[in-house]
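A.B. asks: This is the structure, below, for whatever I ask next.
The values are calculated or read from the model by the stated rules, or taken from the named source; none is laboratory data. Values in this document were obtained by computation on a predicted structure and should not be read as measured data. Reconstructed Cβ throughout: ideal geometry from the backbone, glycine too, with neighbour counts over all protein chains shown. Just the protein is used for accessible areas: all its heavy atoms, side chains included, with ligands, DNA and RNA removed. Shrake-Rupley method; radii C 1.70, N 1.55, O 1.52, S 1.80 Å.
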Amino acid sequence: MSLVAILFCILAAIHLLPAVAAMSPSQLTALYGVSSADTVLRTLLQHRAVLLGLVGSAFLAAAFVPDLRWAALIGGSVSMVTFLIIAAFNSELMGPLKKITFVDAVGLPVAAILFFLLAKGV
């Protein structure tokens, strides 16, 4: 497996693991530190989990289908960057969202390396 494929698999794992929370309100509570009793919030977070699953699936497909790499990388990077910007704007980088901001912050250097490698034609 090439370095590019491995890096895409890392990004896929970052996004697919929280997608499991779409089926489990208790995991939503653990992930986001919010009450799963709020059905509106739970619905939004379950939808977010599904969207993360789609991004993760795109990253996983990109690991094996070179034609998908740029689209997956751009879409997934926009997702990570915008989450971090919104979290920073709302002063939520620490607190209950600390784990999520950390994981997205770890994912960004992986994405940056992929941008560099893909631009070089690797």
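A.B. asks: If the requirement is being farther than 27 Å from residue 118 by Cβ, hydrophobic (A, V, I, L, M, F, W, C) and within 12 Å of the chain's Cα centre (by Cα), which of these qualifies: 49, 37, 22, 30?
C.D. replies: On the way: 37 fails: within 12 Å of the chain's Cα centre (by Cα); 22 fails: within 12 Å of the chain's Cα centre (by Cα); 30 fails: within 12 Å of the chain's Cα centre (by Cα).
Going through 49, 37, 22, 30 in turn, the sole match is 49.
A.B. asks: Can you tell me which residues in the range 47-68 are modelled with pLDDT under 95 and either touching an Asp or Glu at 6+ places or on another chain (Cβ under 7 Å) or under 23 Å from residue 121 (Cα atoms) (or both)?
C.D. replies: none
A.B. asks: Just one of the numbered conditions (1) within 30 Å of residue 4 (Cα to Cα); (2) not in a helix (DSSP H, G or I) is not true of residue 37; which one?
C.D. replies: Result: residue 37 fails condition (1) only.
A.B. asks: Considering only residues that are open to solvent by 40 Å² or more (accessible area, probe 1.4 Å) and among the small types (Gly, Ala, Ser), look in the range 1-27 and name the one that is nearest to residue 97 (Cα to Cα).
C.D. replies: Among those that are open to solvent by 40 Å² or more (accessible area, probe 1.4 Å) and among the small types (Gly, Ala, Ser), it is 26.
A.B. asks: A follow-up question, please. Quick one: in the range 28-41, which of the residues that are polar (S, T, N, Q) and surrounded by 17 or more Cβ atoms within 10 Å (Cβ to Cβ) is modelled with the highest pLDDT? Before you say what the answer is, go through the steps one by one.
C.D. replies: To start, the set of residues in the range 28-41 that are polar (S, T, N, Q) comprises 29, 35-36, 39.
Narrowing the set further to residues that are surrounded by 17 or more Cβ atoms within 10 Å (Cβ to Cβ) leaves 29, 36.
Numbers: 29: 78, 36: 69.
By that ranking, first place goes to 29.
A.B. asks: Another question about this same structure. Of all the residues that make up the range 79-114, how many are open to solvent by 70 Å² or more (accessible area, probe 1.4 Å), assigned to a helix (DSSP H, G or I) and farther than 20 Å from residue 17 by Cβ?
C.D. replies: Looking only at that region, the number is 4.
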